[in-house]
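Chemist: My structure is below; once you've seen it, I'll send some questions.
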Amino acid sequence: MTRLRLASVNVNGVRAAFRKGMGDWLATRDVDVLALQEVRASSEDLEGLLGDGWDIVHDPATAKGRAGVAIASRHSAHIHRVALGPDEFDSAGRWLEADYEIGGTTVTVVSTYVHSGEVDTPKQDEKWKFLDAMTERLPALRAHNPLAVVVGDLNVGHDQRDIKNWKGNVKRAGFLPRERAYFSRFFGADGESVEGADGSTGPGLGWVDVGRAQAGDVEGPYTWWSWRGQAFDNDTGWRIDYQMATPDLAAKVTEYTVDRAAAYDQRWSDHAPVVVDYEL
């Protein structure tokens, strides 16, 4: 058996994260595969910050200084893909797939950064397009490899347990009933009809929300807190960072951790890393 420790985090700008202490965290966590979102830097920057010993695949956003996803690994990616959705859809910097051979087992890892959205604006229209594209891609991804995992900042809290103050957010992007319905289908039983929070129905895709499966029926554990006010100190957060695995890979999880900073002034991003161990 081989342990795969997969960490995922929205770094909110990797150069700033390293200035604030990300490197110290990484040095202590013995990570095998590191998925990053909102990189907002060049591949050369990533190589310089991470140092030797990492194989890096990186998809920057079309607009410089925006989004950007990457996967750094102690293993070489033997194939990677970045296209998602129709040809005219700009998914650059938001979806990166890579296949890794680890201990003789091939695992497919996707680092993704779903749009934050904003109700009744073009930003939300782009988010709907992206969620539609994910809905199309997930079955193909599972068919490509039964050991696959989609990780990253998905910018949606699936249910009331995922947002501290959910009642005040049901009309805000990130907790809209229509957004949550997509996630009900992502995590619904494979092929069975699933009713979403907005009353819509559709077939379940059979993926597993590793965080919820491991944490159980509890509030959180949250992965994002606003920089403003006392959100972090009061644990007024959102669980919007996921590791979403195929059933075969989810069955191999041995540990799930949200690496929440010990104190506000020790944070190097507004998101906390989500770290999962898989026994392959």
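The values are calculated or read from the model by the stated rules, or taken from the named source; none is laboratory data. Since this is a predicted model, take the numbers as computed values, not measurements. Cβ coordinates were reconstructed from backbone atoms using ideal geometry, including for glycine residues, and neighbour counts include every protein chain displayed. For the accessible areas, the whole protein counts, side chains as well, though only heavy atoms, and no ligand, DNA or RNA atoms are used. Shrake-Rupley method; radii C 1.70, N 1.55, O 1.52, S 1.80 Å.
Chemist: Give the number of residues within region 8-47 that are in contact (Cβ under 8 Å) with a residue 60 or more places away in the chain, surrounded by fewer than 24 Cβ atoms within 10 Å (Cβ to Cβ) and touching a strand residue (DSSP E or B) at 6+ places or on another chain (Cβ under 6 Å).
Modeler: Result for region 8-47: 2.
Chemist: Follow-up. Residues that are closer than 30 Å to TRP268 by Cβ, of a type outside the set (Lys, Arg) and open to solvent by 40 Å² or more (accessible area, probe 1.4 Å): does region 237-247 have at least one?
Modeler: From region 237-247, those closer than 30 Å to TRP268 by Cβ are 237-245; that's our starting set.
Add one more test, that the residue is of a type outside the set (Lys, Arg), and what stays is 237-238, 240-245.
Right, trim to open to solvent by 40 Å² or more (accessible area, probe 1.4 Å) and you get none.
Taking every residue of region 237-247 in turn, none turns out to be closer than 30 Å to TRP268 by Cβ, of a type outside the set (Lys, Arg) and open to solvent by 40 Å² or more (accessible area, probe 1.4 Å).
Chemist: What residue, among those in region 186-211 that are under 17 Å from the mean Cα position of the chain (by Cα) and not in a strand (DSSP E or B), is surrounded by the most Cβ atoms within 10 Å (Cβ to Cβ)? Outline the logic, then answer.
Modeler: Filtering region 186-211 for residues under 17 Å from the mean Cα position of the chain (by Cα) gives 186-187, 207-211.
From the residues that got through so far, the ones that are not in a strand (DSSP E or B) too are 186-187, 207, 210-211.
Values: PHE186: 24, PHE187: 20, TRP207: 26, VAL210: 22, GLY211: 22.
Only one residue tops the list, namely TRP207.
Chemist: Restricting the first residue to region 122-151 and requiring it to be closer than 16 Å to TRP207 by Cβ, which pairs with a second residue that is of a type in the set (Phe, Trp, Tyr) and part of a helix (DSSP H, G or I) meet a Cβ separation below 6 Å and a spacing of at least six or different chains?
Modeler: Pairs found: LEU131/TYR182.
Chemist: Which one is farthest from VAL258 (Cα to Cα) among residues in region 150-169 that are over 14 Å from the mean Cα position of the chain (by Cα), at pLDDT 95 or above and in a loop (DSSP other than H, G, I, E, B)? Even if it seems obvious, please write down each step before you answer.
Modeler: Looking only at region 150-169, we keep the residues that are over 14 Å from the mean Cα position of the chain (by Cα), and these are 159-169.
Then drop every residue that is not at pLDDT 95 or above, which leaves 159-164.
Then keep just the ones that are in a loop (DSSP other than H, G, I, E, B); that gives 159, 164.
Details: ASP159: 18, LYS164: 16 Å.
Looking at residues that are over 14 Å from the mean Cα position of the chain (by Cα), at pLDDT 95 or above and in a loop (DSSP other than H, G, I, E, B), I get ASP159.
Chemist: Looking at region 248-265, which of the residues that are farther than 17 Å from ALA7 by Cβ and either among the hydroxyl-bearing types (Ser, Thr, Tyr) or open to solvent by 60 Å² or more (accessible area, probe 1.4 Å) (or both) is farthest from the chain's Cα centre (by Cα)?
Modeler: Ranking the qualifying residues of region 248-265, first place goes to ASP265.
Chemist: Right, something else. If you scan region 223-280, which residues turn out to be of a type in the set (Val, Ile, Thr) and not in a strand (DSSP E or B)?
Modeler: Taking region 223-280 first, the residues of a type in the set (Val, Ile, Thr) are 223, 236, 240, 246, 253-254, 257-258, 274-276.
THR223, THR236, ILE240, THR246, listed by residue number.
Chemist: Another one. Which is at pLDDT below 90 and open to solvent by less than 40 Å² (accessible area, probe 1.4 Å), of ALA70, ALA77, ALA61? Please lay out each step first, then the result.
Modeler: Working: ALA70 fails: at pLDDT below 90; ALA77 fails: at pLDDT below 90.
Going through ALA70, ALA77, ALA61 in turn, just one is at pLDDT below 90 and open to solvent by less than 40 Å² (accessible area, probe 1.4 Å): ALA61.
Chemist: Identify all residues within region 223-236 that are touching a strand residue (DSSP E or B) at 6+ places or on another chain (Cβ under 6 Å) and open to solvent by less than 30 Å² (accessible area, probe 1.4 Å); write none if there are none.
Modeler: Filtering region 223-236 down to residues touching a strand residue (DSSP E or B) at 6+ places or on another chain (Cβ under 6 Å) leaves 223-224.
The one that is touching a strand residue (DSSP E or B) at 6+ places or on another chain (Cβ under 6 Å) and open to solvent by less than 30 Å² (accessible area, probe 1.4 Å): THR223.
Chemist: Next question, about the same structure. Identify the residue in region 86-140 that is acidic (Asp, Glu) and not in a helix (DSSP H, G or I) and, among all such residues, is farthest from THR246 (Cα to Cα). Even if it seems obvious, please write down each step before you answer.
Modeler: Kept after step one, since they are acidic (Asp, Glu), are these residues of region 86-140: 87-88, 90, 97, 99, 101, 118, 120, 125-126, 132, 136.
Add one more test, that the residue is not in a helix (DSSP H, G or I), and what stays is 87-88, 90, 97, 99, 101, 118, 120.
Values: ASP87: 26, GLU88: 28, ASP90: 26, GLU97: 15, ASP99: 14, GLU101: 17, GLU118: 30, ASP120: 33 Å.
Across region 86-140, the extreme among qualifying residues is ASP120.
Chemist: Taking into account only those residues within region 21-70 that are outside any loop (DSSP other than H, G, I, E, B) and of a type in the set (D, E, K, R), which is nearest to VAL275 (Cα to Cα)?
Modeler: At the first step, the residues of region 21-70 found to be outside any loop (DSSP other than H, G, I, E, B) are 22-29, 33-37, 43-50, 55-59, 69-70.
Still in the list and also of a type in the set (D, E, K, R): 24, 29, 44-45, 47, 55, 59.
Values: ASP24: 16, ARG29: 9, GLU44: 25, ASP45: 23, GLU47: 22, ASP55: 19, ASP59: 22 Å.
Step by step, filter region 21-70, then rank; the result is ARG29.
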